[in-house]
Each structure stands twice: as C-alpha cells, then as structure tokens.
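Chemist: Please find one structure pasted underneath; my questions will follow.
The values are calculated or read from the model by the stated rules, or taken from the named source; none is laboratory data. Values in this document were obtained by computation on a predicted structure and should not be read as measured data. Counting neighbours? That spans all protein chains shown, and the Cβs are built from the backbone with ideal geometry, glycine included. Remember, those area values only see protein heavy atoms, side chains included, never the ligands or the DNA or RNA. Shrake-Rupley method; radii C 1.70, N 1.55, O 1.52, S 1.80 Å.
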Amino acid sequence: MILILGRNGQIARALQDLVWDEEVLALGSTEVDFTRPDLIASQLDRHIETPPRFILNAAAYTAVDKAESERKDAFLINGEAVGAIARWATSRGSRILHYSTDYVFPGSGERAWTPFDATDPVNTYGASKLEGENQLRVHAPDAFILRVSWVVSEYGHNFVKTMLKLGRERDELSVVHDQIGSPMSARSIAELSRLMILKADQVRGGGTYHLSSKPYVSWHDFAQSIFACARDSGFDLKVKKVNAISSEEYPTPARRPHNSRMSDDLFFEEFGLRMRPWQEDLRQIIGRLR
C-alpha cells in the first residue's frame, strides 16, 4: 500500500491523480493533525491496518511569509510532525519519500546546489523544512528526501495561477528578475516519485536528491512565458507590459533566495530519471486551466 500524507496540496493531489499498481490511501489534516506530533502515531493507527510499503509525505506548512510570524506552527508541521511520522514508519517497516525545498540553502551565488552542499536557510520556512530533513535522518535513515522548487500546477495557489489572474485584471505588472530557479510541475514531480519508488530497492540506504526542470529562469521571464503560452492557448489577457524589478523593490516578510538552481545529477545517476523542460509542463498546465 502507498500512503499519501497531505491530501490537498499540489503534490499530494497530483500523486492521487496517478494510476498506481497497488492500493493508495490519502490522509489529510482532518484525519491527521500535523500540529500535534504527539497524536500522529495513534491517528495513523486509527486509519491504517496494514503498514504501507511507502509513505509519500507531502504534508507541509508552505505559507512562506506567514511562517515568519507563525514560527511555532511551521516547525510543528515541517519539523516535529516529520519526526513523528518517521518514528511510526520505522517501527512498522515502512519507507518514506519526503518532499523538501531549495529554501534549505542560503540562495547565494550562481552555481546549482547539490545534495552535498552545506545548508543555511535564510527564512523560517526553510529552517523548518531543514528540521524535518534532520528528523528523518535520525529516525528513518532509509528515507528518501526529494528537494523541489517553484512548484506549479492547475491546483491550489501557485505562480502560474496568480499570473493568469493578474494578467486578466491589469495592464501592467512588475515581477522580480533577480531570483533564478526551476519551475516544476506537480504532476511531473508526482510521476517521477512513482517511478522512483519502483526503483527504491536499488537504493536501500535512502538519501537526499534534487529535481531540476531546465532551463533555469527568473520569475520575470517565467511570467513572460506564462502570458505567451496563455495567449497561444486562447486566454484573453489584459496585461501588456511586465516590468523587471529587483527583490529590494518588492519587499516581503520572508527573505527569498536569489539562487534556487539545483543540480539533479545525483538523482539521474541513481534512478536514470529527469524532469522534462518546464516549457512542456507549462503548456499542459495552461491547457488544463482552459
């Protein structure tokens, strides 16, 4: 059995859309209170009779700016709850695939981060996600940690949907140009996750891996691509101009990394898998939003 935790998030919803060769159970915050790590084991026991072969943990506190003022909740969900899940999984012989983030890095320089680089988060969200990683390494050392970035899809709240909404409403927009990264489709992340755990027995010790969807791009250039793709797909957009601005011109409660590039070389070496170019996934997302 595959257990998906975090039922309503972008990656969790994409995981549930896949066709699996085994039973799948998805549990969200109504069944498991991730803000109460002390209750997680008993809540999982209440809903699960047979221990899952794999737990795909997509449950997370993802409100990056709110995390600065809700530090306790961020660390409960992204840190302590992960530890509780790890202890439960280890005691029942289940393996974990956990989703983390490029925000565990300081976001400096221009080189793509590797899984072996030193971490140094610049905001509370990144620090809380790093705590979750550390909890896994202690309590479930055979877990897989998959770091992703800039997740987009037809689900929930994300940059593609925000740009389409604003593009219908405004003549002119301003988007930061000095944050560089890799847009990733939740559906592609989900599909690679499925293929990854099919090969999991080849990597018995677990490990930390990065996904990357190239070419690297700035938020500003990604926004331009979104609008071009949307127009090609028949969207009626009002926006005519997209200004490139610096991060300093768009202050936010939480600092954002300037360099979100990640190297997927180790993932490819171990699993022989890579993400498609993000332009291909963007066309599919735009098409599903029509």
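Chemist: Once both labels are modelled 7 Å past Cα along the beta-carbon direction, what's the VAL24-ASN243 spacing in nm?
Modeler: With each label placed 7 Å out from Cα toward Cβ, I get 4.4 nm.
Chemist: Helix 219-232: angle to the longest alpha-carbon principal axis of the chain, degrees 0 to 90, nearest 10?
Modeler: Helix 219-232 sits at roughly 80 degrees to that axis.
Chemist: Applying the Karplus parametrisation 6.51 cos²θ - 1.76 cosθ + 1.60 with θ = phi - 60° to the phi angles of region 273-278, what ³J(HN,Hα) value in whole Hz is obtained for each residue in order, glycine and proline being reported as x?
Modeler: The phi angles translate into 10, 8, 6, 6, x, 5 Hz.
Chemist: Hey, what's the per residue convex hull volume over the C-alpha atoms of the chain, in cubic angstrom? Before the final figure, lay out each step's value.
Modeler: Values: hull volume 36.2 nm³, N = 290.
Cα-based convex hull of the chain, divided per residue, equals 125 Å³.
Chemist: Taking amide H positions as placed 1.01 Å from N in the peptide plane, with prolines and chain starts having none, which residues 5 or more places from ILE245, or on another chain, fall under 5 Å of its amide H?
Modeler: VAL175, VAL176, HIS177
Chemist: In addition: With each pseudo-label sitting 7 Å past Cα toward Cβ, what's the ARG71-ARG53 distance in nm, one decimal?
Modeler: 4.3 nm
Chemist: From the phi angles alone, apply the Karplus equation (6.51, -1.76, 1.60; θ = phi - 60°) to region 113-123 and give each ³J(HN,Hα) in whole Hz, x where the residue is Gly or Pro.
Modeler: After applying 6.51 cos²θ - 1.76 cosθ + 1.60, I find 5, 9, x, 9, 6, 5, 8, 5, x, 9, 8 Hz.
Chemist: Quick one: compute the contact order of region 116-225, relative version, from alpha carbon pairs under 8 angstrom and 6+ residues apart, as a percent. If you can, show how the numbers build up before the last one.
Modeler: On the way: 97 pairs, mean separation 40.3, N = 110.
This gives 37 percent for region 116-225.
Chemist: Given charges of +1 on the Cβ of Lys and Arg and -1 on the Cβ of Asp and Glu, with all other atoms neutral, how large is the dipole of the chain about its Cα centre, in debye to the nearest 20? The partial results should precede the final answer.
Modeler: On the way: 36 positive and 39 negative charges, 102 e Å.
So the magnitude is around 500 debye.
Chemist: As a check on your grasp of the helix formula, calculate [θ] at 222 nm for the chain: sum -39500 (n - 2.57) over DSSP H runs of n ≥ 4, divide by the residue count, round to the nearest 500. If you can, show how the numbers build up before the last one.
Modeler: Values: 10 runs with 108 residues, N = 290.
Here the helix-only value at 222 nm equals -11000 deg cm²/dmol.
Chemist: May I ask you to give the percent of accessible area on the chain that is carbon plus sulfur, with a probe radius of 1.4 Å?
Modeler: On the way: 6130 of 12880 Å².
C and S atoms contribute 48 percent here.
Chemist: Considering amide H positions built from the backbone, and no H for Pro or chain starts, which residues 5 or more places from TRP113, or on another chain, come under 5 Å of its amide H?
Modeler: ARG261, MET262, SER263
Chemist: Report the FRET efficiency, 1/(1 + (r/R0)^6), for ASP142 and TYR250, where r is their Cβ-Cβ distance and R0 is 41 Å, rounded to 0.05.
Modeler: FRET efficiency, ASP142 to TYR250: 0.50.
Chemist: How large is ³J(HN,Hα), in whole Hz, for each residue of region 252-269 in order, when computed from phi with the Karplus curve 6.51 cos²θ - 1.76 cosθ + 1.60 and θ = phi - 60°, using x for Gly and Pro?
Modeler: After applying 6.51 cos²θ - 1.76 cosθ + 1.60, I find 9, x, 9, 5, 10, x, 7, 10, 10, 5, 9, 8, 9, 4, 5, 4, 5, 4 Hz.
Chemist: Using the heavy atoms of the protein chains alone and a 1.4 angstrom probe, what is the accessible area of the chain per residue in square angstrom? Can you show the working numbers first?
Modeler: Numbers: 12880 Å² over 290 residues.
The answer is 44 Å² per residue.
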